[in-house]
Each structure stands twice: as C-alpha cells, then as structure tokens.
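Q: Structure provided below as structure tokens; questions to follow.
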Amino acid sequence: MRLKGEIALVTGGASGFGEGIARKFVEEGARVVLMDRDGPKLRAVAESLGEAAAPLEADVTQARGFLEAVALAQARFGGLSILVNNAGIGHAPRPMESLEEAEFDRIMAVNVRAVYLSARAAVPVFKAQGSGAILNIASTGGVSPRPNLTWYNASKGWMISATQAMAVELAPFGVRVNALNPVAGETPLLKTFMGEDTPEIRAKFLASIPIGRFSTPQDMGAAAAFLCSQEASMITGVALNVDGGRCI
Ligand SMILES: NC(=O)c1ccc[n+]([C@@H]2O[C@H](COP(=O)([O-])OP(=O)(O)OC[C@H]3O[C@@H](n4cnc5c(N)ncnc54)[C@H](O)[C@@H]3O)[C@@H](O)[C@H]2O)c1
C-alpha cells in the first residue's frame, strides 16, 4: 500500500501501459481517474477496478479534457496528487521525409501538446498544496533513437527535456517530475512500431533487448508506483529506462 491516500490521473488508462499503471496504483491503495478517448475500453477497465477508478472519456489534445479530469478527481476522490502523462501514439516505421504533415501534427498534439495542457490544469493544484508527483511516459527512442521513427523519437526526446525542465522549476514547490523510458512493450501499440507483426520482426526487436523479452504493463506499473511513491521522495528529473538493458 505504497500509494495509500494518493489520487492519480492516468491518461491513456484504457490500454497497455496506462492500464498496467492504473491497476498497480489501485493495488497500492491509490484512487485513479482514467482519461482516454476510447470510451468502451475505458469503461471496461474502470469497471474492473471498481470504486477506486473513475473513467473520463476525453481527448488529451484538448485543454477542456484535463480541466474536467482534475475536477472529477477533486469531486469524486477529494483531490489530485499524481499525474501520469501516458497517452501516446506512434507511426509506422518510414523514412522521415515521407511522414504526412497531418500525421506529424497528430503525434505532436498527443505526445507533446498534452504534456503542456496537463501541466496547465494540474500544476496550480500541486503548487497550492505544496506537493505532487508527475510521471511522463517517454521511450528508449527518446534517448537512443533508431532509424525510421524519427518524429516519434523526437517527440519522446522532447518529453524527457520537458521532464527535466519541469522538475527543476517545480522542485521548490514540493512537486517531483520523472519519466519512464519503456523499451518495446507487449501492448496494442507494438504492432505500429513493428510495421508488421511477424515472428521474424519480433525476433529482430528481441535481439536488441539483452534481457530477452518485451516490456509489459506490469513492468511499467511497478516502476511508476515506485517513482510516484514517497520511497522516491529524493528522486526528480530522472528518465528511468525500463528496457531490459537495451540502451546500454
Ligand atoms: N508499447 C511500446 O512498445 C512503447 C514503447 C515505448 C514507449 N511507449 C509509450 O507508452 C505510452 C503508452 O503506450 P501503449 O503501448 O500502452 O499504447 P496503447 O495504444 O496500448 O495505449 C495508449 C492509450 O492512449 C489512448 N490515447 C491515444 N491518443 C489519445 C488521445 N488523443 N486522447 C486520449 N487518449 C488517447 C488510446 O486510446 C489508448 O488507450 C505511450 O506514450 C507510448 O508512446 C510505448
């Protein structure tokens, strides 16, 4: 029960890593607002978590969704102490010059703009209470990029810089800001990065991960629970690789 009494907002909580983080948070005693644009999956995950979870169907690229999410956390659970910016999208591997403008803009809106919008909604609450923890789900691609995912990788590099800049600015207010860098993980998004889900392509990805397996929602839940708990009260501004050694 390392998160007993904590109230978290987890974006992209209807699937993959966000679902894993929300499940672990609830196991550790937190209550969670799950914000996602996928209504049916969102409601199914929230129902399976029971009273400790409140779903909000909303788009992270719009300020209104975050204002509603913070208000929901306050009305339903009495406050907000943790923000997890997890919702993210990728693109199929392709040469940098061939990504359409609309797809580039969408990636920047979900992976970059949403971090700014969530800060606008949550930071005033955290500053007023003199405490809070923010966790940004970045990627190993943000520190050790590979070819053909350039704009996705760059969006995650931005997220890591934002994590450090936010951490240094918010430290005097009692607010910690950290990031996780997952390696390729067993979630619905994996197929996007692989281009095609074949045994050969899986083997190629696995060959770059010394521990020899993909990351999982449970791995992210465990790392997120630690970084957002009081056990990590001296840790801020880190981007923790959860990558089975891929970035060595
Ligand atoms: N799976 C991987 O291999 C991998 C590796 C490194 C980093 N990541 C990062 O981890 C995070 C979670 O990814 P995942 O693999 O769990 O993906 P996923 O596709 O399983 O889940 C992402 C969730 O975000 C939601 N979402 C997307 N756009 C949204 C929007 N505009 N508004 C609200 N919700 C939105 C989706 O509906 C979905 O439920 C992402 O930021 C991703 O970039 C994933």
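Q: Between the DSSP loop rule and a limit of at most 16 other Cβ atoms within 10 Å, which GluC sites (Glu not before Pro) in the stretch 58-106 are left?
A: The qualifying sites are GLU100.
Q: Still on this structure, please answer the following. Please report the equivalent ellipsoid semi-axes of the chain, computed as sqrt(5 x eigenvalue) of the Cα gyration tensor, largest first, in whole Å.
A: 28, 19, 18
Q: Going by C-beta contacts inside 10 Å, put LEU56, LEU206 in order with the fewest on the left.
A: On the way: LEU56 22, LEU206 14.
By the 10 Å Cβ count, ascending: LEU206, LEU56.
Q: What are the GluC sites (Glu not before Pro) within the stretch 187-248 that DSSP puts in a loop, where the Cβ has at most 13 other Cβ atoms within 10 Å?
A: Answer by residue number: GLU196.
Q: Just want to confirm a number: the relative contact order over the chain, from Cα pairs under 8 angstrom separated by 6+ residues, in percent.
A: Reported relative contact order: 22 percent.
Q: Roughly speaking, what is the centre-to-centre gap between the stretch 204-238 and the stretch 26-96 when only Cα atoms are used, to the nearest Å?
A: 20
Q: Could you pull out the pairs from LYS24/LYS204; LYS41/LYS191; LYS4/LYS127; LYS41/LYS204; LYS156/LYS191 whose alpha carbons sit more than 26 Å apart here?
A: Numbers: LYS24/LYS204 30 Å; LYS41/LYS191 18 Å; LYS4/LYS127 21 Å; LYS41/LYS204 31 Å; LYS156/LYS191 18 Å.
Pairs exceeding the cut-off: LYS24/LYS204; LYS41/LYS204.
Q: So what's the back-of-envelope 222 nm ellipticity for the chain, counting only DSSP H runs of four-plus at -39500 (n - 2.57) apiece and dividing by all residues, rounded to 500?
A: Computed mean residue ellipticity for the chain: -13500 deg cm²/dmol.
Q: Tell me, what is the FRET efficiency for TYR116 and ALA44 to the nearest 0.05, using R0 = 25 angstrom and their Cβ-Cβ distance as r?
A: Using R0 = 25 Å, I get an efficiency of 0.25.
Q: Further, regarding this structure: Would you mind ranking LYS41, LYS24 by Cβ crowding within 10 Å, fewest neighbours first?
A: LYS41, LYS24
Read the figures in this text as sums done on the coordinates, not as results from a lab. These numbers come from a predicted model, not from an experiment. Note that we place each Cβ from the backbone using ideal geometry, even for glycine, and neighbour counts take in every protein chain shown.
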